[in-house]
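Nothing in this text is a laboratory measurement; each read-out follows from the coordinates by a stated rule. Computed from a predicted structure; not experimentally measured. Every residue, glycine among them, receives a Cβ derived from its backbone with ideal geometry; neighbour counts consider all protein chains shown.
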Amino acid sequence: MTDIEKIKNFIKYISANSKKNAQGKIRMDFTVIRKLVADDPDTAIAVVRLYCKMAKNDPAYSQFAWMVAGAYQNVFDDDVLMITVQQAQKK
């Protein structure tokens, strides 16, 4: 599987396991995100970077970036993706 296909599958799985609540906020199952991140950390990194780029045009993608970055930190005890998202929002 190519990197692009891995990213697409990662995002599809997140979308399939996300639901909007009555306030329009997106709710995701953190255990699902943690498993995705643990199974493929390199794709998780690529997805966070992609979400950060997409958030420049649609801030809603920031929520997805934060969720994946938080799962990465939780799984690997590494805040590098949290810092990536934070820095992207400052730009």
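Between (i) 16.0, 47; (ii) 30.1, 98; (iii) 12.3, 37, which matches Rg and Dmax of the Cα atoms in Å calculated for the structure shown?
Computing Rg and Dmax of the Cα atoms in Å and matching it to (i) 16.0, 47; (ii) 30.1, 98; (iii) 12.3, 37 gives (iii).
For the range 8-78, which trypsin sites (Lys or Arg not before Pro) pass both filters: DSSP loop (anything but H, G, I, E, B) and at most 11 other C-beta atoms within 10 Å?
LYS25
What FRET efficiency, computed as 1/(1 + (r/R0)^6) with R0 = 25 Å and r the Cβ-Cβ distance, is obtained for ILE83 and ALA22, rounded to the nearest 0.05?
That gives a FRET efficiency of 0.15.
Give me the lysines in straight-line cross-link reach of LYS35: C-alpha distance below 28 Å, same-chain residues under 8 apart excluded.
LYS6, LYS8, LYS12, LYS19, LYS20, LYS25, LYS53, LYS56
What relative contact order, as a whole-number percentage, does the range 1-51 give when Cα pairs under 8 Å and 6 or more residues apart are counted?
The normalised contact order for the range 1-51 reaches 38 percent.
With r as the distance between the Cβ atoms of THR2 and ASN74 and R0 = 30 Å, compute the FRET efficiency 1/(1 + (r/R0)^6) and round to 0.05.
0.60
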